[in-house]
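Read the structure below first, then the notes.
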Amino acid sequence: MPATGNNSYRPLSLSIRLRADGFSFFVCDLQSAALVRGEHFPPQQTGQAESASAASVAARLVEALSRTEYCNSQIAQAYVLVDGPFTYVPLEHFRRDEASALHLLCIHDADARTTRVGYNILPMLEVAVLYALPMDVEEAILQFYPTARFFAAEAMLLERLASHAPLLATSYAAGRRLPLFVHVCDTTSTAATIAVCHFAEGQPPRDSACLRMANTFVCATAADALYFVLNVWQSLGLDGASDDLLLLGHDSPLLSELRQSLSEYVLSVRQVRADTLFPNLSLAREAEVPLDLMALLLNRL
């Protein structure tokens, strides 16, 4: 009996990772959570020193999304990861109608006339993560994918780390604090995003940790990243001789240099591999896929 129907059809997802000066596209197989295609769109070279404007990013998005490999009937879902800065609000104090005011209060350079403030609820951590997205960038994406879903880049990864922090601490001596996580997202851009987070042990019957601190910043050199991380380390009262620092991210010159520099101040500095955080996930073997995208797709596919 001959086969009927289109058995070769495999639904795909398109994930767009936005930065202030560029973006990346990742097309993944929804059935196997494997990377089909990845492409980076670095900042445009201009005759001026400043980065490309949000308007030029929107125009480049329209141009890129017009290509058939990124706009076709096989792509069933679209996700958008928005880079920081972010605002974290405890759920007990969060009000949806106050999201824009809260974010603009914390991030003074955001313009309410040209940006939309969105939020993601992280029930495991009992916080809301607020982010700002240029309106023209959002419109550029929605004209191709009206049902696209938007996320703060670090939001999904935070929950993943919260569930793993106690597991990574199980072999430590009793009474030691949970490790400080430093995520280095190095891209083809002129700078890297450094995210730092720390958790406190949750109360039973919770299996995950409670968020104590989370912050992100953009840096161009390992020296800048070292200065920021050590400031966080000192502010949290961590001890270089007894507490642990875990580096996350794919191998890069910046991460390698940061690890070497940190080891001069912190006795226990370790790098956590992607396949440790995401076991049995095909994307964990893809060096070009950032960890925050892996966390998002692990929760969504």
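The values are calculated or read from the model by the stated rules, or taken from the named source; none is laboratory data. Fair warning: this is a prediction, and the values are worked out from it, not measured in the lab. Cβ atoms come from the backbone with ideal geometry, glycine included; neighbour counts cover every protein chain shown.
Within the stretch 142-152, does at least one residue satisfy the condition of being assigned by TED's automatic domain parsing to the domain that holds ALA295, in contact with a Gly (Cβ under 6 Å, 6 or more places away or on another chain) and outside any loop (DSSP other than H, G, I, E, B)? Steps first, please.
Quick first cut of the stretch 142-152, residues assigned by TED's automatic domain parsing to the domain that holds ALA295 only: 142-152.
Narrowing further to those that are in contact with a Gly (Cβ under 6 Å, 6 or more places away or on another chain): 150.
Now drop any that are not outside any loop (DSSP other than H, G, I, E, B), which leaves 150.
Scanning the stretch 142-152, I find at least one residue that is assigned by TED's automatic domain parsing to the domain that holds ALA295, in contact with a Gly (Cβ under 6 Å, 6 or more places away or on another chain) and outside any loop (DSSP other than H, G, I, E, B), so the answer is yes.
Of everything in the stretch 84-101 that is in contact (Cβ under 8 Å) with a residue 24 or more places away in the chain and farther than 11 Å from GLY118 by Cα, the residue that is nearest to the chain's Cα centre (by Cα) is GLY84.
Is at least one residue of the stretch 246-267 on the phi > 0 side of the Ramachandran plot and surrounded by 15 or more Cβ atoms within 10 Å (Cβ to Cβ)? Steps first, please.
Step one: list which residues in the stretch 246-267 are on the phi > 0 side of the Ramachandran plot, which gives 249.
Next, only the ones that are surrounded by 15 or more Cβ atoms within 10 Å (Cβ to Cβ) stay: 249.
Yes: one or more hits.
Restricting the stretch 247-268 to residues that are small (Gly, Ala, Ser) and not in a helix (DSSP H, G or I), which is modelled with the highest pLDDT? Across the stretch 247-268, the extreme among qualifying residues is SER263.
Criterion first (within 25 Å of ILE194 (Cα to Cα) and modelled with pLDDT under 90) does LEU104 satisfy it? Against the criterion (within 25 Å of ILE194 (Cα to Cα) and modelled with pLDDT under 90), LEU104 qualifies. Residues in the stretch 219-238 that are closer than 14 Å to VAL184 by Cα and not in a helix (DSSP H, G or I): CYS219, ALA220, THR221.
Please find, among ASP275, ASP186, the residue that is surrounded by fewer than 16 Cβ atoms within 10 Å (Cβ to Cβ) and at pLDDT below 90. The match here is ASP275. Of note, GLN271 does not satisfy the criterion of being among the polar types (S, T, N, Q) and in a helix (DSSP H, G or I).
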